[in-house]
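In what follows, a single structure is set out as structure tokens and then discussed.
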Amino acid sequence: MPNAPDSLSPAVRRPLVGPAITFGFATALAMWTVGYALHIPEDPAIPGPVIAAALVALLLVGGVCIGRWVPRADALTIGLGAGLVTSLINLMILGSILSAEDDPEAGLRSNAAMWVAGWIVFGTALMCISAVATSRITGGLPESRRADADRWLARFGIVAAVSVLLILPVGGIVTSTETGMAVPDWPTSEGFNMFLYPLSRMTGGLLYEHAHRLFGALVGLTTMTLMIYALAVDRRRWLKGAVVGAFVLVVIQGIMGGYRVEWDNTALRIVHGFTAQIFFAFMCAIAAFLSLTWRSDKPAASTRAAGAIRGFAWALVAAMALQILIGATGRHMGQHLHALLSHAVFSIVPLVLAIGVGVRLKTAYRDIPHLRIVGAGLMHGVGLQMVLGGLALWIVLTHRGEYPLIRVAMATSHQVLGAILFGLSALAVAWTHRLLTREARAEGA
């Protein structure tokens, strides 16, 4: 993939829109994740006012981050923009509070418009006030360190990748508890519009499955925003193709998830789970493509081993993909013993490759930060993954047909760490292509 040091169009640089979108989506992701986690406990349930206070606190934290990381002169504008973005995204959740609880045909409550307007004003104002107050107290970011459009696009690429990572444990809990059919209709949820499904009904399996759908919508919105943002400001044709491809993939994934419910098909469940991991690895690679390091004019390091390490990195990606597919087959086939044992035995292949690639990147290229970090992540992550995998297998086999918290937590953690390792493998491929080049042979050698 060609290097493009001047890959952003000067005519469409938007140094205020970029940070507003980035902080707005990041804050919304944090609010959704915390809100979901706090709704899981049922006995005893966490009181609604406590959850509301936690979400308001996250709005304030988002404003604090703006006040510290943007110039003081921009705090008001970016705070307003980010607050508006966060508030609009959260309308997808507000509908579940404002819907009629008993009748899907009734729609929203009579005072819903007032609530929507009030929420947008409140969320926008709170985040803006927090940003401005923080910038006045701390002085904000020095003007000389103002980030431009390319840095904000890179940061939003990271936010988009994180959004995909966050949906993986949400979907993993659905699989671990076998509650994928708790909401048996699609695109509606028990007859309700998906964004108007009453919050009071979201308990147990209904919460797990419906939250999975909502997080899927958020990931789709984030990916679409990344596509539009990158198409507007990035000049590289291949990068534009990549972000469009990501959006097409997330749309297909959403439709596949819907028909997985409509048809209640095991094969489709396996493909849906596997594709989610592929999508996350792809988004990790896109985040790398958008980074300042990738777009810089810094030449790649010349080394004779470049071809070999790239080959092993690609082999690791392939082995990880096959291992994830075998694991998804076992999880979606009711913890089928043959599939689980196959998953355990084949794990030796990605284990050896991950250790080999990780050690090589961390030790041979310690002066190249991106390669060193990816290598360290692979080395340490694969060791932890083997421990989690062994514990998960033992717990699953000793609690077949049961869903205690420890089994759900262990199986889901194993799945999510596997996705992270898959993402690191994709980054190993990307960065070895960008930061390493084959050393030219001397004449007559």
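Please list, ordered by chain and number, the residues whose modelled amide H lies under 5 Å from the amide H of Ser189; skip anything fewer than 5 residues away on the same chain.
Met194
Post the alpha-carbon centroid distance, segment 71-90 to segment 240-266, in whole angstrom.
31
Sort His370, His210 so the one with the fewest other Cβ atoms within 10 Å of its own Cβ comes first.
Ranked by crowding around the Cβ, least crowded first: His370, His210.
Order the peptides 159-168, 35-44, 348-357 from the highest to the lowest mean number of other Cβ atoms within 10 Å of their residues.
Peptide ranking by packing, descending: 159-168, 348-357, 35-44.
If packing is taken as the mean number of other Cβ atoms within 10 Å per residue, what is the order of 179-186, 280-287, 296-303, highest first?
So the peptides 179-186, 280-287, 296-303, ranked by packing, come out 280-287, 179-186, 296-303.
Using unit Cβ charges (K, R positive; D, E negative) and no other charged atoms, how large, in debye to the nearest 20, is the dipole of the chain about its Cα centre?
The dipole of the chain has a size of about 1940 debye.
With springs only between Cα atoms under 10 Å apart, run a GNM on the chain and tell me which of Ile278, Ile406, Ile89 wobbles the most.
Of Ile278, Ile406, Ile89, the most mobile in the Gaussian network model is Ile406.
Note down the nm distance, to one decimal, between modelled labels 7 Å out along Cα→Cβ at Ala133 and at Arg372.
Rounded to a tenth, the inter-label distance reads 4.1 nm.
Taking N as the number of residues in segment 14-61, what value does Rg over Cα atoms divided by 2.2 N^0.38 Å take?
In units of the 2.2 N^0.38 Å rule of thumb, it is 1.42.
Can you pull out the trypsin sites (Lys or Arg not before Pro) in segment 243-332 whose DSSP state is coil and whose Cβ has at most 13 other Cβ atoms within 10 Å?
Arg304
Could you work out which residue, out of His343, His212, His380, moves most in a Gaussian network model of the chain, that is, has the largest mean-square fluctuation with Cα springs under 10 Å?
Ranking His343, His212, His380 by mean-square fluctuation puts His380 first.
Taking the beta-carbon count within 10 Å as an exposure proxy, list Thr177, Thr188 from fewest neighbours to most.
Listed from fewest to most nearby Cβ atoms, that is Thr188, Thr177.
Identify the trypsin sites (Lys or Arg not before Pro) of segment 337-397 meeting these criteria: DSSP loop state and at most 14 other C-beta atoms within 10 Å of the C-beta.
Answer in residue order: Arg366.
Can you pull the Rg over Rh of segment 299-439, Cα-only, Kirkwood?
Rg/Rh for segment 299-439 comes to 1.06.
Can you bin every Cα-Cα distance in the chain into 20 Å intervals starting at zero and give me the percent of pairs per bin, rounded to whole numbers?
Distribution as computed: 23, 54, 22, 1, 0 percent.
Rounded to the nearest 0.05, what FRET efficiency do Asn265 and Ala125 have when you use their Cβ-Cβ distance and R0 = 41 Å?
0.30
Taking H placed 1.01 Å from N in the peptide plane, check which residues at least 5 places from Ala301 or on another chain put their amide H under 5 Å from its amide H.
Leu436, Thr437
Which residue fluctuates the most in the chain, going by a Gaussian network model with Cα springs under 10 Å, if the choices are Leu427, Leu316, Leu393?
Leu393
Each value in this text was obtained by applying a stated rule to the coordinates, not by laboratory testing. Here the structure is a predicted model, which means the values were calculated and not measured. In this analysis, Cβ positions are derived from the backbone assuming ideal geometry, glycine residues included, and neighbour counts consider all displayed protein chains.
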